[in-house]
1. When ranked by the protection proxy of mean other Cβ atoms within 10 Å per residue, highest first, what sequence do the peptides 65-75, 29-39, 2-12 form?
2. Expressed in whole Å with the largest first, what are the equivalent ellipsoid semi-axes of region 13-56 derived from the C-alpha gyration tensor as the square root of 5 times each eigenvalue?
3. Given contacts defined as C-alpha pairs under 8 Å and at least six residues apart, what's the relative contact order of the chain, whole-number percent?
4. Output the direction-averaged projected area (hull surface divided by four) of the convex hull of the alpha-carbon atoms of the chain, in nm².
5. Given the rule -39500 (n - 2.57) for each run of at least 4 DSSP H residues, summed and divided by the residues of the chain, what is its mean residue ellipticity at 222 nm, to the nearest 500 deg cm²/dmol?
6. With a 10 Å Cβ neighbour count serving as the proxy for reagent exposure, in which order, fewest first, do 78, 49 appear?
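What follows is calculated from the coordinates using simple rules that are stated; it is not laboratory data. Remember, it's a predicted structure, so these values are computed and weren't measured experimentally. All Cβ positions, glycine included, derive from the backbone under ideal geometry; neighbour counts span all protein chains shown.
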Amino acid sequence: MGKYCRKSTRGSYGVDKLKEALCKVQAGELSKRKAEAVYGVPRKTLSRHLSGKVAKMGNLGRYDSIFGKEVELALVDHALKFS
């Protein structure tokens, strides 16, 4: 098995930039088109978040993680230790 190489750029802008762009658009400081150019977040994504169609931010896919980040990292460390 080789090294994993991501095949899409979906969600590559990050949650922080998305939140910042949403704040600027809601405050009226930027338009959606300008926020798209400045932050790299697609305009359609901004529209969906502003209209309330998205329940959770930063989750790609339809499944949620069962464990938190800390528990998942601990499991990875444990698996690497015993492999």
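1. Values: 65-75: 9.8, 29-39: 15.6, 2-12: 7.5.
In decreasing order of mean packing, 65-75, 29-39, 2-12 become 29-39, 65-75, 2-12.
2. Details: eigenvalues 40, 26, 18 Å².
Its equivalent ellipsoid spans semi-axes of 14, 11, 9 Å.
3. Details: 35 pairs, mean separation 20.8, N = 83.
Value for the chain: 25 percent.
4. Working: hull surface 30.7 nm².
In nm², the orientation-averaged hull projection of the chain is 7.7.
5. On the way: 4 runs with 44 residues, N = 83.
Taking each H run of at least 4 residues, the total per residue is -16000 deg cm²/dmol.
6. Numbers: 78 10, 49 18.
Fewest-to-most Cβ neighbours within 10 Å comes out as 78, 49.
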